[in-house]
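Colleague: Got a structure for you, written out below as structure tokens; questions coming shortly.
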Amino acid sequence: MQLMDNYQRRFQYLRLSITEQCNFQCQYCLPNGYQPNKAHQFLTLNEIDNVVSTFAELGVHKIRLTGGEPSLRRDFVDILSLISAYPSINEIAMTTNGSRLLKNIHYWHQAGLNAINISIDSFSPHLFKLITGQDKLKELLQCVEKSLEVGIKKVKINTVLMKNMNDNLTDYLSWIKQRPVELRFIELMETGESGDIFNRHHVSGQSIELQLIEQGWLLQPKVALSGPAKVYTHCDYQGKIGLIMPYSKDFCKSCNRLRVSSIGQLHYCLFGDAAVDLRDLLQSSEQKQQLIERIFASLMIKPEKHLLHDHKVGVMPNLSYVGG
Ligand code: SAM
Ligand code: SF4
């Protein structure tokens with residue numbers, strides 16, 4: 001059994017959000033901080049196990065834990081250990097703001113984490129604080145070194161590109177010269193709550209791409225099932241630059257991921273106008289067959305592409321609901 005939609009896209013990658021809670025106030029995501037929604041009870045360990053077991057059976061071999069801030073879950077190490085018990089899941093990744101990383105990365109790695117994306121929106125302490133509401137740049141740079149030191153196989157940095165704020169490529173290049181880290185520029189995406197900031201700060205990644213090409217960076221050939229990121233390398237640099245450009249032509253053609261939110265809803269598209277509730281079928285492993293049928297039915301309604309160009313942003317108010 002494999003997960004494939006009506007457009008012959010195959011899905012071996014699941015992004016699993018485990019909480020909406022967050023301790024940062026990123027301007028484009030939670031500018032007023034996390035406001036708890038009492039109706040949202042996050043997935044239990046047992047429900048997470050049923051999600052993982054089912055998707056593993058359906059050919060998923062990479063799981064990224066996200067949120068909100070996934071490391072705020074007290075049972076985060078248990079969640080990693082649970083996923084590690086599935087031998088077919090060979091990549092266990094997380095996206096994190098890094099606030100809990102320094103003290104815990106060793107335990108996370110021991111529990112099976114082998115890939116990490118740390119969000120760092122600027123290498124200027126002032127700008128970093130302005131964007132995230134936190135004075136933690138120095139600590140986050142230590143987080144990158146520490147992740148490499150403990151042996152995390154893939155270490156990436158996520159930087160959300162914002163016009164007139166953090167879109168100066170030269171600020172980043174010297175940093176990756178000696179570090180085997182991929183720095184990913186993500187175009188700012190419009191969400192239900194971020195229309196204003198999107199209008200003020202959205203900039204296409206193309207300007208960065210043109211500068212890279214002018215400076216001799218080469219586009220890495222895509223391998224089968226690699227996602228929508230464009231990755232550039234340069235022989236003088238140990239690090240790489242990735243570009244995620246959701247507003248570019250054909251971005252959705254290489255979509256390779258499905259998402260389950262922290263309240264157990266399957267988002268077949270990050271910007272879809274609906275999500276499919278799986279929760280009633282996550283209570284017992286005996287419901288697996290019904291769960292599989294519902295997942296396949298959801299795939300049949302996965303749209304060919306998002307409608308962000310028409311400002312149709314879908315059901316999600318901000319990315320802390322489903323994870324970026
Ligand atoms: N809290 C963790 C973090 O920030 O890394 C994980 C969740 S966060 C929603 C996942 C990623 O989505 C982060 O790299 C974040 O910068 C990015 N993100 C959030 N809102 C975004 C938006 N409107 N456009 C583009 N990227 C966004
Ligand atoms: Fe929190 Fe991540 Fe959203 Fe920033 S992007 S507010 S760290 S969930």
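The values are calculated or read from the model by the stated rules, or taken from the named source; none is laboratory data. Keep in mind that what you see is a predicted model, and the values were worked out from it rather than measured. Note that we place each Cβ from the backbone using ideal geometry, even for glycine, and neighbour counts take in every protein chain shown. The area values use the complete protein model at the heavy-atom level, side chains included, leaving out ligands, DNA and RNA. Shrake-Rupley method; radii C 1.70, N 1.55, O 1.52, S 1.80 Å.
Colleague: Ratio to report: Rg/Rh of region 92-250, with Cα atoms as the point set and Rh obtained by the Kirkwood method; give two decimals.
Modeller: Dividing the radius of gyration by the Kirkwood radius yields 0.95.
Colleague: In deg cm²/dmol, rounded to 500, what helix-only [θ] at 222 nm does the chain give when every DSSP H run of at least 4 residues adds -39500 (n - 2.57) and the total is split over its residues?
Modeller: After summing the helix terms and dividing by the residues of the chain, the value is -8000 deg cm²/dmol.
Colleague: What number do you get for the chain when its Cα radius of gyration is normalised by 2.2 N^0.38 Å, N = residues?
Modeller: Cα Rg divided by the expected 2.2 N^0.38 Å: 0.95.
Colleague: Under 10 Å, Cα contacts only: if you run a Gaussian network model on the chain, which one of SER284, SER71, SER119 comes out with the highest mean-square fluctuation?
Modeller: SER284
Colleague: Moving on to the next point. When we measure straight from the Cα of LYS62, which lysines land under 17 angstrom away, once same-chain ones fewer than 8 places off are left out?
Modeller: Answer for LYS62, where 17 Å is the Cα cut-off: LYS153, LYS154, LYS156, listed by chain and number.
Colleague: Then there is this: Rounded to the nearest percent, how much of the accessible area of the chain (1.4 Å probe, protein heavy atoms only) is carbon and sulfur?
Modeller: Ligands and nucleic acids excluded, carbon and sulfur give 50 percent.
Colleague: With charges set only on the Cβ (+1 for Lys and Arg, -1 for Asp and Glu), what does the dipole of the chain come to about its Cα centre, in debye to the nearest 20?
Modeller: I would put it at about 460 debye.
Colleague: What's the local net charge at PRO31, with K and R +1, D and E -1, over the other residues with C-beta under 12 Å away?
Modeller: Net local charge, PRO31 excluded: -2.
Colleague: Also: Using modelled backbone amide H atoms (1.01 Å from N, in-plane), which distant-in-sequence or interchain residues come within less than 5 Å of ASN117's amide H?
Modeller: The list, which skips near neighbours in sequence, is MET94, THR95, THR96, LYS156.
Colleague: Right, here's the next one. For a quick check of understanding: with a 1.4 angstrom probe and all protein chains in place, what accessible area in square angstrom does MET165 have, to the nearest ten?
Modeller: MET165 has an accessible surface of roughly 40 Å² with all protein chains in place.
Colleague: Just to compare against my own numbers: the Cα pair-distance distribution for region 190-321, 10 Å bins, whole % per bin, please.
Modeller: P(r) over region 190-321, rounded to whole percents: 10, 31, 30, 19, 7, 1.
Colleague: Around LEU16, with a cut-off of 9 angstrom between Cβ atoms, what is the net charge of the other residues, counting Lys and Arg +1 and Asp and Glu -1?
Modeller: +3
Colleague: In Å², what does the accessible area per residue of the chain work out to with a 1.4 Å probe?
Modeller: For the chain, the solvent-accessible area averages 45 Å² per residue.
Colleague: Could you calculate the contour length gain from ASP171 to SER207, that is, 0.36 nm times the residue separation minus the distance between their Cα atoms, to one decimal place in nm?
Modeller: Stretched fully, the ASP171-SER207 segment lengthens by 11.5 nm.
Colleague: Along the three principal axes, how long is region 49-113 when you take its alpha carbons, biggest first, rounded to the nearest angstrom?
Modeller: Result, largest extent first: 33, 23, 17 Å.
Colleague: Reported to two decimal places, what Rg/Rh ratio describes region 1-153 when computed on Cα atoms with Rh from the Kirkwood expression?
Modeller: Reported Rg/Rh (Cα atoms, Kirkwood Rh): 0.99.
Colleague: Over the chain, with a Gaussian network built from C-alpha contacts below 10 Å, which listed residue (LEU80, LEU102, LEU113) shows the highest mean-square fluctuation?
Modeller: LEU102
Colleague: Could you please report the charge total around SER248, scoring K, R as +1 and D, E as -1 over all other residues with beta-carbon less than 10 angstrom from its beta-carbon?
Modeller: For residues surrounding SER248, the net value is -1.
Colleague: Among the lysines, select those whose C-alpha is under 17 Å from the C-alpha of LYS312, and discard any that sit fewer than 8 residues away in the same chain.
Modeller: Those lysines meeting the cut-off are LYS249, LYS302.
Colleague: Follow-up. To the nearest Å, what is the center-to-center distance of region 234-293 and region 60-127, using C-alpha atoms only?
Modeller: 17
Colleague: Related question: As an exercise, identify the trypsin sites (Lys or Arg not before Pro) in region 130-206 lying in DSSP coil whose Cβ has no more than 16 other Cβ atoms within 10 Å.
Modeller: In loop regions of region 130-206 (DSSP not H, G, I, E or B), the sparsely surrounded trypsin sites (Lys or Arg not before Pro) are LYS153, LYS163.
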